[in-house]
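Student: One structure, pasted below without further comment.
Rule-based calculations on the coordinates, nothing more; no lab input. If you're wondering where the values come from, they're calculated on a predicted model, not measured in any experiment. Cβ atoms come from the backbone with ideal geometry, glycine included; neighbour counts cover every protein chain shown.
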Amino acid sequence: MKVAFPVAGEPEPETAESARQLFAGPVEFLKGVVAMDGLPPADRPEVCFAGRSNVGKSSLINALTGRKGIARASNTPGRTQEINYFTLGERSYLVDLPGYGFAKAPVAVVAKWQGLLKSYLSGRPTLRRAFCLIDSRHGVKPVDHEIMTLLDRSAVPFQVVLTKADKLGPNAIKPVLAQVGEELQKHPAAFPQLVLTSSEKADGIATLRAIIAGLD
C-alpha cells in the first residue's frame, strides 16, 4: 500500500502568527561543531536541515529567521563544513548540517563530515525532525537516498522540503511532486507530507515555521 505525500497547506492565521513571533524573536548563531564532543547540551528540542550542497539550505534558513546573513549562503558548494547550531530563543535549536554531494573538498574531509553526520543523527536524543531539502527543479537524486537511508537507520523522522519552487510553474511542479512521492515510498522514516518553498518569494515559509513551532 502506497503512502500519500500531499503538500502541506497554509497554517491557520493564529498558528502562523504565533510561529512568526517565535522566529521574529532572538535567533543567534551559537557555534560550529566539528566533533561530537563539541555539541551543546541536549537540553532542548532541535530540528536539523540536510541537503545537497547547492540546494539552497542557507537561503532557506535565512528566510525562516528573517535575517539575511545568519546562515552563510555561498556560490561555492560545500562551504558549510561543520554542524552549525543556532538558538531559537531559549526554546529550541536550529541545526544546519554539512551539505552533501558535489562538495569541492578533499576525500578525507568529506569522509570526516560523513562520519560526524552519522554520529550526530544516531546519537542526538533531542532531535525531533530532520528536514531534507530537495531542489524542485531536479527532484530526488541518488545522492539524496544516501542521507534518507541514514535517517531511516537512525530512526530519525524526516520531512522533505522542496526548495526553489518559484523556478517552476504549477504544471511543471506536478511531475516533480509525483517523483518525490514515489521515491519516498522506499523510506520508512519519511513524514507523509511535503513542504513546497521559495526563499526568494517567501512561499511556504509560514508553513515551515508553523511545523517547526509545533514540534516539542
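Student: Dipole size in debye (nearest 20) for the chain around its Cα centre, Lys and Arg Cβ +1, Asp and Glu Cβ -1?
Tutor: On the way: 26 positive and 21 negative charges, 124 e Å.
Using only the charged Cβ atoms, the result is roughly 600 debye.
Student: Quickly work out the A155-to-V7 label distance, labels modelled 7 Å from Cα along the C-beta direction, and quote it in nm with one decimal.
Tutor: Going from the V7 label point to the A155 one covers 3.5 nm.
Student: Let me ask something additional. Considering only the chain, what is the antiparallel percent among its DSSP beta bridges, to the nearest 5? Display every interim value, and only then the final one.
Tutor: Numbers: 12 of 33 bridges.
Of all bridge pairs located within the chain, approximately 35 percent are antiparallel.
Student: If R₀ is 30 angstrom, what is the calculated FRET efficiency for the pair A202 and D37, using the beta carbon separation as r and rounding to 0.05?
Tutor: Numbers: r = 38 Å, r/R0 = 1.26.
Working from the Cβ atoms, E equals 0.20.
Student: Express the relative contact order of the chain as a whole percentage, based on alpha carbon pairs under 8 Å and six or more residues apart in sequence.
Tutor: On the way: 395 pairs, mean separation 60.6, N = 216.
Computed over the chain, the figure is 28 percent.
Student: Going through the cross-link list K2/K57; K57/K118; K31/K164, which pairs have a Cα-Cα distance over 21 Å in this structure? Walk me through the numbers on the way to the answer.
Tutor: Working: K2/K57 29 Å; K57/K118 19 Å; K31/K164 27 Å.
Distance filter (> 21 Å) returns K2/K57; K31/K164.
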